[in-house]
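Heads up, the thing below is written out as structure tokens.
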Amino acid sequence: MLHPNCVYMLAADHRWQWEEWCDARSVARERISDVKRLAFDGFMRAREESTDVRAHGALLVDEQYAASVVAEALKAGVTVGTPVERAGAFPLAWSTSPFDRAITGEFAKVLVRHRPDDPEAIREAQFEKLKALQAWCRRAGKPLVIEILVARRQEPEDEFEADGRPRMLAAFITAAYSRSLVPEFWKIEGAASRDGARIIDDAIAARPEGRQIILGKAADPQTIDRWFAAAADSRSAVGFAIGRSVVWEPATGFLTGSATAHQAAAAIASNYLRLVEAWRTATARSG
């Protein structure tokens, strides 16, 4: 089960991104299942090498392309979860119904896209869907991870990254709490500054059980290091949930024939363990 105070999540549930990549290169979509297998193999390598990963590691993969991986991970005692949203959908829509067809792992993850300037009817309908999912998860005894993505529109990029996005995320979280929507974890876009991270942290920590894990957005290691440093002294930040920054380059190398499966899995393990060490270093410095 997800540890409440430390989570090192390898997020390999990407679907539409891999579909677009495959379609653009005339690669059969069936090969996406190979990517999920590589992510699992890389995770298991890291788990063998690291006591931290054995204690706090988690894997996020989808039923659509990785049903066999989910089953194998559960059998191996891995903390594995599955997404419930329809990939790429806005407004929020479910990948399957009922929930138990999608949520076959130990925890559920849902991605919701939000902007305060979206129509109120859409925003309210998304909250109602999230509350229904939360109710199901509580009955099933499965932790819920809510990922919030806030897109930049007309705002200047620097201003948006420093202050705009954090304030929009904080407002969403505050609104969720007012509706008794309190997931076990928020999956949050990294903040570029400590001030931005503090805005998010204040909103999440308004509930003492509030926890956040930092997502990756396919960022480079140096950017992720800055996000970790900004969030490290937050009351609510307990780790990360990152995928493309770990998996994408090794997996595309395998799919294009420039790397073997063994090499790709080893690279995924190395990338993942680097993130674990980066988080440990950032939090040690903040302490």
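Applying the criteria of a DSSP loop state and at most 16 other Cβ atoms within 10 Å to the trypsin sites (Lys or Arg not before Pro) of the stretch 228-275 yields Arg235.
Sort largest first and round to whole Å: the equivalent ellipsoid semi-axes of the chain, each the square root of five times a Cα gyration tensor eigenvalue. Let's see the in-between values first.
Values: eigenvalues 149, 97, 75 Å².
Equivalent-ellipsoid dimensions as semi-axes: 27, 22, 19 Å.
Electrostatic tally near Trp16: other residues with Cβ closer than 12 Å to its Cβ, Lys and Arg +1, Asp and Glu -1, net -3.
For the stretch 192-202, the Karplus equation 6.51 cos²θ - 1.76 cosθ + 1.60, evaluated at θ = phi - 60°, returns couplings of 7, 9, 5, 5, x, 4, 5, 4, 5, 4, 4 Hz by residue, with Gly and Pro reported as x.
Would you compute, from DSSP H runs of 4+ residues alone, the mean residue ellipticity of the chain at 222 nm, taking -39500 (n - 2.57) per run and dividing by the full residue count, rounded to the nearest 500?
Working: 10 runs with 141 residues, N = 287.
Using -39500 (n - 2.57) per qualifying helix, the result is -16000 deg cm²/dmol.
In a simple Cβ point-charge model (Lys, Arg +1; Asp, Glu -1; nothing else charged), the chain has a dipole of about 600 debye relative to its Cα centre.
For the stretch 1-65, trypsin sites (Lys or Arg not before Pro) are listed when DSSP marks them as loop and at most 13 other Cβ atoms sit within 10 Å of their Cβ; the list is Arg25.
In terms of other Cβ atoms within 10 Å, Asp201, Asp23, Asp41 run from fewest to most in the order Asp23, Asp41, Asp201.
Considering only Val112, Ser286, Gly141, and ranking their Cα positions along the charge dipole of the chain that arises from unit charges at the beta-carbon of Lys, Arg, Asp and Glu, the one farthest toward the positive end is Gly141. The slack between Asn5 and Ser286, meaning 0.36 nm per residue of separation minus the straight C-alpha distance, is 99.6 nm.
Would you order Ile204, Ile199 from fewest to most other beta-carbon atoms within 10 Å of each residue's own beta-carbon? Working shown, then result.
Details: Ile204 23, Ile199 20.
Going from sparsest to densest Cβ surroundings: Ile199, Ile204.
The ranking of Met168, Met1, Met9 by Cβ neighbour count inside 10 Å, starting from the fewest, reads Met1, Met168, Met9.
Taken along the Cα-to-beta-carbon direction at a fixed 7 Å, the label points for Glu20 and His262 span 3.5 nm. Taking a sphere under 11 Å around the Cβ of Ala140 and counting the other residues whose Cβ falls inside, with K and R at +1 and D and E at -1, yields a net charge of +1. Over the chain, what is the relative contact order in whole percent, taking alpha-carbon pairs under 8 Å and six or more residues apart? Relative contact order comes out at 20 percent.
Only the coordinates and a few stated rules stand behind these numbers; no lab work does. Quick caveat: nothing in here was measured; it's all calculated off a predicted structure. Cβ: placed from backbone, ideal geometry, glycine included. Neighbour counts: every protein chain shown.
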